[in-house]
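Remarks on the structure that follows.
Each reported figure results from applying straightforward, stated rules to the coordinates on display, with no laboratory input. As the structure is a computational prediction, the values presented were derived from the model and not from experiment. Glycine gets a Cβ as well: all are built from the backbone with ideal geometry, and neighbour counts include every protein chain shown.
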Amino acid sequence: MKAPREPTGHGRTTAAVAVIVAAVAAGMVHAVPAFGQLAALRHGGWVLVLRFLLATALIIVAGRLGGWVSTRCRQPRVIGEMAVGIALGPTLLGQVAPQAQHFLFPPVLVPHLGLVAQLAIIYFVFLLGADLPLDLLRGSGRRVAALGTTMVAVPFACGLLLAAGLAAAYRPAGVGPLPFLLFVGTSMSITAFPVLVRILAGHGLVQTRIGTLGLATAGVGDALSWCLLIVVVALAHGGSAAAVLPTAGWLVLFVAVTLVLVRPALRHLLAAAEDNAGWRRVSTAALVLCALSGAAVTDWIGVHAIFGALLAGVILPRENRVVRDLARTVGRGVTVVLPLFFAVIGFSVHVGFLGDPRDLLTCGLMVLVAIGSKLGTTALVGRLTGLTWRESAGLGVMVNCRGLTELVVVSAGLSLGIIGQDLFVMFVAMTLVTTAMTGPLLGRLQLGGVRAPARAVADFV
């Protein structure tokens, strides 16, 4: 009896292409109708299309200007873009010049701007998954495991206690206590890995011992936080443990198909594309479509689009030429349109309510709990595992950075109705404070190191 023949290289490539085409088609069934809503602009005539283009251009220019000012102040670009996005909404422009704000950004355009912003966030999270330090996580050791676990567990527990006290006043009607508690706890445990890379690069700490330890710890923490968030969103979608089962089943099937079929197919195609220009173009298009398709499938499942985009990035080989080139090109595109995300947030919230003493005190308490639980816990565990107090404090400052990742998470909670606008604005304020304090505190600690270039995937934050 003859042994079965191994498939030829051509046969494996054909099979890989077939798997990728099937995966993309499954996602596009859900993605095309959603983003096809942009075509509805033409029903408003060419004037509405021109106003959409004008609003987009104004937001991008203003956001880029705010980001430039932020970098001149030795802060991450995201700080300035966040501030400008909020300022363009009812918080500032709507107060100073309400007629101009309504003319430039009429409510009819906000859903269309939101679709473009959602696309930017999908690819931001996709690149975040592609940039997670999986190599560091595999060799992390006991210290990083202890640091990564506690820097999530303690803020999560503190967030649960905080949410228990806030539930009576801030839990939206119709949201169960468990999803609300778990979401607030998870949101308190987030660390912004891409923003952290950028800040560490600016201080010359990326290649140092403490910088590498900080990145590995943040990577472990991010992996745990995203897993928690999937559970929370599934609970919020299902409403009860029994109702979550179908969602969980679809999610497990999606992850299994992605890991067992799509991942090896993509890796084979990317390996073939290393030295073949034609296949590189095909592979680039395949990666772009896979990210969008993964997002569409998880959105259909009911666990939010960001999780599919994240998994699509995680399965990519880190050192492949096509992936590196895509990180640069897509990263630049995200850089251009990301201010739309902050502007859409600014259009939907009004920060003025923080003038209420109760809300102001609640926001201050949230900031203190966030800093104390994250920075304090990590610093203490770092010292117990043999680091100096200076290194431990530096590590705590690093993982206390929330950045854009926090905004993506809490925006998902707002869109799903798990939190209301009042609590959302408090999370935005907490994010601004914890992100803005990271760079100056690291500078004061003088941890050493020489300036190093930022990683390409983090260039847009």
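Rank by packing, highest mean first: peptides 148-154, 95-101, 267-273, with packing defined as the count of other Cβ atoms within 10 Å averaged across residues.
In descending order of packing, they fall as 148-154, 267-273, 95-101.
For a footprinting-style exposure proxy, rank His102, His304 by other Cβ within 10 Å, fewest first.
Details: His102 13, His304 26.
Listed from fewest to most nearby Cβ atoms, that is His102, His304.
For each of Thr362, Thr434, count neighbouring Cβ atoms within 10 Å of the residue's Cβ, then give the residues from fewest to most.
Thr362, Thr434
For the range 323-411, what is the relative contact order in percent, using Cα pairs closer than 8 Å and at least 6 residues apart in sequence?
20 percent
Can you check what the Kirkwood hydrodynamic radius comes to for the range 256-359, Cα pairs only, in Å to one decimal? Please list the in-between numbers first.
Details: mean 1/r = 0.0628 Å⁻¹.
Kirkwood hydrodynamic radius for the range 256-359: 15.9 Å.
Please compute the Kirkwood hydrodynamic radius of the range 32-458 from all pairs of different C-alpha atoms, in Å with one decimal.
22.2 Å
Which of the three applies to the range 94-208, rounded, prolate or oblate, going by the alpha-carbon gyration tensor with a ≥ b ≥ c and a/c under 1.5 meaning rounded?
oblate
If the convex hull of the alpha-carbon atoms of the range 266-324 is projected onto planes in all directions, what is the mean projected area in square nanometres? Mind dumping the intermediate values first?
Working: hull surface 14.6 nm².
With every direction weighted equally, the projected area is 3.6 nm².
For the range 217-296, restrict the atom set to alpha-carbon positions and state the Rg and Dmax in Å.
16.6, 51
Could you check the spin-label model distance between Gln99 and Arg267? Points 7 Å from the Cα along Cα→Cβ, value in nm.
Each label point is offset 7 Å from its Cα along the Cβ direction, giving 6.3 nm.
Using only helices, what value at 222 nm comes out for the chain when you add -39,500 (n - 2.57) per DSSP H run of length 4 or more and divide by the total residues, to the nearest 500 deg cm²/dmol? Mind dumping the intermediate values first?
Details: 22 runs with 348 residues, N = 461.
Using -39500 (n - 2.57) per qualifying helix, the result is -25000 deg cm²/dmol.
Sequence gap at least 6, Cα distance under 8 Å: using those rules, report the relative contact order of the range 32-458 to the nearest whole percent.
28 percent
So what's the net charge close to Thr150: Lys and Arg +1, Asp and Glu -1, counting the other residues with Cβ under 14 Å from its Cβ?
Value of the local net charge: +4.
Which value results when the Cα radius of gyration for the range 152-239 is divided by 2.2 N^0.38 Å?
It is 1.32.
Return the FRET efficiency for the residue pair Leu259, Ala173: r is the Cβ-Cβ distance, R0 is 56 Å, and the value is rounded to the nearest 0.05.
Computed FRET efficiency for Leu259 and Ala173 comes out at 0.90.
Mean Kyte-Doolittle hydropathy of 0.0 or higher plus an axial Cα length of 18 Å or more: which whole DSSP H helices in the chain meet both?
What comes out of the filter, once short or polar helices are dropped, is 9-35, 45-72, 110-131, 141-170, 209-238, 241-257, 277-301, 321-348, 357-371, 403-415, 421-436.
What is the spin-label model distance, in nm, from Leu115 to Arg142 if the labels are put 7 Å beyond Cα along the C-beta direction?
With each label placed 7 Å out from Cα toward Cβ, I get 5.5 nm.
Tell me the net charge near Thr385. Cut-off is 14 Å between Cβ atoms, Thr385 excluded, with +1 for each Lys or Arg and -1 for each Asp or Glu.
+3
With only alpha-carbon atoms counted, please give the Rg and Dmax of the range 314-444, in Å.
Considering the range 314-444 through its Cα atoms, Rg and Dmax are 18.0, 54 Å.
Check which residues have an amide H placed less than 5 Å from Ile419's amide H, if you skip close sequence neighbours.
Under 5 Å from the amide H of Ile419: Leu414.
Order these by the 10 Å Cβ neighbour count, fewest first: Phe347, Phe307.
Going from sparsest to densest Cβ surroundings: Phe347, Phe307.
Tell me, Kirkwood radius of the range 52-124 from alpha-carbon pair distances, in Å?
About 12.9 Å, per the Kirkwood formula over Cα pairs.
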